[in-house]
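Below is one structure, written out as structure tokens; comments come after it.
The values are calculated or read from the model by the stated rules, or taken from the named source; none is laboratory data. These figures come from a predicted structure and were not determined experimentally. A quick note on method: Cβ atoms are made from the backbone with ideal geometry, for glycine too, and the neighbour counts reach across all protein chains shown. SASA here: full protein model, heavy atoms, side chains in, ligands and nucleic acids out. Shrake-Rupley method; radii C 1.70, N 1.55, O 1.52, S 1.80 Å.
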Amino acid sequence: MSRILSSSIARKVAMALSALFLIIFLLIHLTVNITSLFSKDVFNELSHFMGTNFLVQFLMQPILIFGVVFHFVMGFVLELRNKRARTVKYVKYNGAANASWMSRNMAVSGGVILAFLVLHFIDFWFPEMNYKYIEVLPEDPTRYFEELQHKFTNPLRVGAYVIAFVLLALHLLHGFQSAFQSIGLNKYTNCVKSLGKIYAVAIPAGFIIIALFHYFNH
Amino acid sequence: MNLTLKIWRQKGPQDKGRMVEYKVTDISEHMSFLEMMDVLNESLVAKDEEPIAFDHDCREGICGMCSLQINGEAHGPDRGITTCQLHMRMFKDGDTIYIEPFRANAFPVIKDLVVDRMAFERIQQAGGYISVNTSGNTQDANSIPISKHNADLSMDAASCIGCGACVASCKNSSAMLFVAAKVSQFALLPQGKVEAKDRVKNMVFQMDLEGFGNCTNTGACEIECPKGISIENIARLNREYLAATI
Ligand code: HEM
Ligand code: SF4
Ligand code: FES
């Protein structure tokens, strides 16, 4: 791996591919979760499928975890390397003159998302793993909706989710089109940029609506 | 106009260096930034002080020799120009102006505001050329059909003057815009196709070796580039590199 990733462009492309993978994942994740706004049964059914399907659990889930870990480790490694490329700093550096806040602070927005992911894993993933694979409790296909609702009773948690998703939106406002540029696809740049803006706002907004909906409707 | 200048002074590569404050008076708004620096230097020489070293050559915006990070921007606040083409009318009476060398570990400071940009030369030497025998039998370039579209794009890329503003502006000190321009100008032409794979691999290898950072597509380079080199060239560089390595 270190040989494949020995050049700056290879690292850049790997970063973009992991990011594009996460973009697809988020879309699927939102699609499942959004059903909880309309139908308890559909949400339970989909969650039950995702939670018990062999391919999802033992193929897609490990790939996803690898993708997330790769993405943030690589992101921080690149950030450090880039800092090391200029050890004597400018006394005055007007970054805002030529680049957006989002593009200059991917590690900041990424760091907040990472902190959120830790919370998110403690909230849902660890209990889930415990339920299924450690305590091996009997599967109840109708338990998911209540579990979800229960999580969003705490206003602090809801607040943390909202903040994290705002930062995710900022991360994606730069990241989405950046990933396409990184893999060399710039033929449809305007299209990608518009699509990126829609995605970057709509997906986090969807998650925020879900969190708020369950907070106000339990 | 009267100005306060905060200028980086550094005796040599080993010196730590520091910002020193100077005052200049009666600066005409029609002067170029370098002429303003000349005025300051003349006053320093008159006082028997060491003048401030800075790079320049053509003073016509074509050679790429002048540099300077002015108020935190490469070549100062104006767009599409080099420092020699920056005019004092861009500033107001009473302004404080920060003047620093282009910063990147790959561009070490030689003295004061002069930096060593030989890293760019070494990248060029790694592949920024085409090999043709000047035997007298070389085919006339005009007899090779090239689409107007590609010829224009190649010409745009070829207008890079190797000034280093892209590196200086980039928060990552990435040289991708420069390398992208130098790769693109050949990648778009049939003459460049023959050595395309080796060229892109060798130039990127040398770029990494010089210690430039990784591009994160902030786009700062494109905004600060005096020749308006587009980051579309960086996407092309990535494509060329992928095609050459996979
Ligand atoms: C786990 C926490 C995360 C951290 C620490 C993180 C960090 C970073 C950093 C530092 C970069 C800039 C690196 C570069 O462009 O070279 C980046 C880029 C990116 N991130 Fe994240 N990120 C995280 C999560 C996510 C998530 C959940 C998504 C989307 C679903 C995402 C999408 C992107 C995209 C699209 C890019 C642009 C890739 C490119 O420019 O080629 N990130 N991330
Ligand atoms: S790409 Fe633009 S900023 Fe960079 S070296 Fe060439 S002319 Fe200068
Ligand atoms: S001195 Fe030649 S471009 Fe400024």
Legend entry - About the Cα centre, charge dipole magnitude for segment B:3-111 (Lys/Arg +1, Asp/Glu -1 at Cβ), debye: 440
Legend entry - Inter-probe distance in nm under a simple model that places probes 7 Å from Cα toward Cβ, at A:F25 and A:E147: 1.8
Inset, instruction - Quick one: order A:L26, A:L46 from most to least accessible surface, probe 1.4 Å. - result: A:L46, A:L26
Inset, instruction - List the equivalent ellipsoid semi-axes of segment B:3-111 in whole Å, largest first, each obtained as the square root of 5λ for an eigenvalue λ of the Cα gyration tensor. - result: 20, 18, 13
Legend entry - Heavy atoms of B:E49 accessible to a 1.4 Å probe, total area in Å² rounded to 10: 80
Legend entry - Calculated FRET efficiency for the pair B:N105/A:F126, C-beta based, R₀ 41 Å, to 0.05: 0.45
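Taking every pair of Cα atoms in the protein assembly as shown, average 1/r, invert it to obtain the Kirkwood radius, and report Rg/Rh to two decimals. List each step's numbers first, then the result.
Values: Rg = 27.0 Å, Rh = 25.2 Å.
Expressed as Rg/Rh, it is 1.07.
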Legend entry - Nearest-10 value in Å² for the accessible area of A:T31, using the 1.4 Å probe: 80
Legend entry - Net dipole in debye of the protein assembly as shown [+1 Lys, Arg Cβ; -1 Asp, Glu Cβ; about Cα centre; nearest 20]: 600
Inset, instruction - Give, rounded to the nearest 20 debye, the magnitude of the charge dipole that segment A:101-218 has about its Cα centre when Lys and Arg contribute +1 at Cβ and Asp and Glu contribute -1 at Cβ. - result: 740
Legend entry - Of A:I209, A:N94, A:A160, farthest towards positive along the dipole that unit charges on Lys, Arg, Asp, Glu beta carbons give chain A: A:N94
Legend entry - Candidate aspartates and glutamates for bridging to B:K197, where Cα separation is under 15 Å - those fewer than 8 sequence places away on the same chain excluded: B:E240
Legend entry - Rg/Rg_ref, segment A:1-85, where Rg_ref = 2.2 N^0.38 Å and atoms are Cα: 1.43
Inset, instruction - Could you tell me the accessible area of A:S18 in Å² (1.4 Å probe, neighbours in place), rounded to the nearest ten? - result: 10
Legend entry - Accessible area in the full protein assembly, largest first, 1.4 Å probe, for B:M155, B:M176, B:M118: B:M155, B:M118, B:M176
Inset, instruction - Excluding residues fewer than 8 places away in the same chain, name every one of the aspartates and glutamates whose C-alpha is closer than 16 Å to that of B:K227. - result: B:E60, B:E73, B:D78, B:D152, B:D156
Legend entry - Candidates B:F91, B:F54, B:F212, ranked by Gaussian network fluctuation over chain B, Cα under 10 Å, top entry: B:F91
Inset, instruction - Please list, or write none, the lysines whose alpha carbon is within less than 17 Å of the alpha carbon of B:K6, excluding same-chain residues fewer than 8 places away. - result: A:K89, A:K92, B:K16, B:K23, B:K92, B:K111
Inset, instruction - Return the Cα extents of chain B along principal axes one, two and three, sorted largest first, each rounded to a whole Å. - result: 60, 37, 35
Inset, instruction - Can you pull the one-decimal nm distance between simple spin-label points at A:L5 and A:N154, each 7 Å off the Cα toward Cβ? - result: 3.3
Inset, instruction - For segment A:128-188, with all protein chains present and a 1.4 Å probe, just round the carbon and sulfur fraction of the accessible area to a whole percent. - result: 69
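Share of segment B:3-111's accessible area from carbon and sulfur, percent, 1.4 Å?
Answer for segment B:3-111: carbon and sulfur cover 48 percent of the accessible area.
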Inset, instruction - Leaving ligands, DNA and RNA out of it, rank B:H56, B:H75, B:H149 by accessible area with a 1.4 Å probe, largest first. - result: B:H149, B:H56, B:H75
Legend entry - For segment B:75-109 versus segment A:64-109, the gap between their alpha-carbon centres in whole angstrom: 24
